[in-house]
Amino acid sequence: MLEPSEVARALVVTAHPDDVDFGAAGTIATWVSQGIEVSYCICTDGGAGGADPDVPRQDIPGIRRAEQIAAAAAVGVSDVRFLGYLDGELVVSHELRRDIVRVIRQVRPDRMLIQSPERNWDRIGASHPDHLAAGEAAIQAVYPDARNPFAHTSLLQDEGLEPWTVREAWLMADGRPNHWMDVSEHMDAKLAALQAHHSQTAHMDDMPGMITGWMKLGADTARSNGYPFGEDALAEAFRVVSTG
C-alpha cells in the first residue's frame, strides 16, 4: 500500500452523487488533511434519485449536482466533474471507459477510489447496477486503458492527453475488504457531506445514527483483523489493490 507521502493526487469515480459520501467521505477528508489533492468524477446525472414527489423530475439532476459540489466542499474537495450519463442506465461501454480515461489522464492520480465491480451478497443495497458498471468501467480504465497509448487514441491525438499509470485502487463496498480507515476525527465532515445531499437524506430517520452504527461495525471488523482501533473508533472499509 502506498504511503501518504507517495500520493500527490487521488481520483474518485462513482456512479451517483452521494455514493462517495456514504462510502468514503471520512477517508477523503483524511486524505485532504494529509495534503493529497482529490478530484471527483461522477458518472451519472443522478436523475433517478430524490424522495420528494413534489420536485419536478427534470430539476433533479441540477439539484444533485449542486448537492455533490457542496458535499465535496465539506470534506475539502473542489474539483468535481460530471459525465452526465443517465441514472439507472449505466453500462460498461467503450464510451464510458474513454470518458473515465480522459479524466484519469487529466488528473494523473497516483491512487483511485472506485466502487466494487463485484456484487456484495451480504449488502445487496451496495450493489446497485450503476455501482457495478461504474466500478467495472473504472477498473478497466485503470488497466489497461489509461496507460496504453494505443487505447482511445483520440485522447492522445486530438486532446494531447498522454498515457498515465494509476498505481493503486481502493474499492468501496467490496465484500472482501483488506483495509480499514479510522476516520473518527473526520466524522463531523462526513455527516456534513451527507446532509448536503438533502434530496437523498432529509427523509431518513436518524441518518447520523444509522451511519455511525455502520461505522462502529466497521471498526469492530477492523479490530478482529488486528487493527489497533479504540473502542469508540469509527471506520470505513476498502479492498486495496495494487494496479501499478
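Just so you know, all these numbers are worked out from the coordinates, no wet-lab data involved. The shown structure was predicted, so the numbers you read here are calculated from the model rather than taken from an experiment. Cβ placement follows ideal geometry from the backbone for every residue including glycine, while neighbour counts extend to all protein chains displayed.
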query = With point charges of +1 on the Cβ of Lys and Arg and -1 on the Cβ of Asp and Glu, referenced to the Cα centre of the chain, which listed residue (L132, W31, V142) lies farthest in the positive direction of the dipole?
reply = V142
ask   = Per 10 Å bin, what percent of the C-alpha pairs of region 15-65 does each bin hold, from zero upward?
value = 23, 41, 25, 10, 1
message = Please report the antiparallel percentage of the DSSP beta bridges confined to the chain, to the nearest 5.
response = 30 percent
request  = Taking the dipole about the Cα centre of region 1-144, with the C-beta of Lys and Arg at +1 and of Asp and Glu at -1, give me whichever of N120, I42, L96 is farthest to the positive side.
outcome  = L96
key: Fewest-first ranking of M172, M187, using other Cβ atoms within 10 Å as the exposure measure   = M187, M172
Size of electric dipole in the chain: Cβ of Lys, Arg +1 and of Asp, Glu -1, about Cα centre, debye, nearest 20 = 640 debye
ask   = To two decimal places, what compactness ratio does region 43-131 give when its Cα radius of gyration is scaled by 2.2 N^0.38 Å?
value = 1.21
request  = Only helices at least 18 Å long along their axis, Cα-based, and averaging -1.0 or more on Kyte-Doolittle count here, so list those DSSP H runs from the chain.
outcome  = 19-33, 60-74, 94-107, 207-224
inquiry  = Whole angstrom only: what separates the Cα centroid of region 67-110 from the Cα centroid of region 140-186?
reply    = 12 Å
request  = Could you point to the label whose value was computed as semi-axes √(5λ) of the Cα gyration tensor in Å for the structure here, given [x] 27, 23, 16; [y] 33, 26, 16; [z] 33, 22, 15?
outcome  = [x]
message = Tell me the mean residue ellipticity at 222 nm calculated for the chain from its helices only (DSSP H runs of n ≥ 4, each -39500 (n - 2.57), averaged over every residue, nearest 500).
response = -11500 deg cm²/dmol
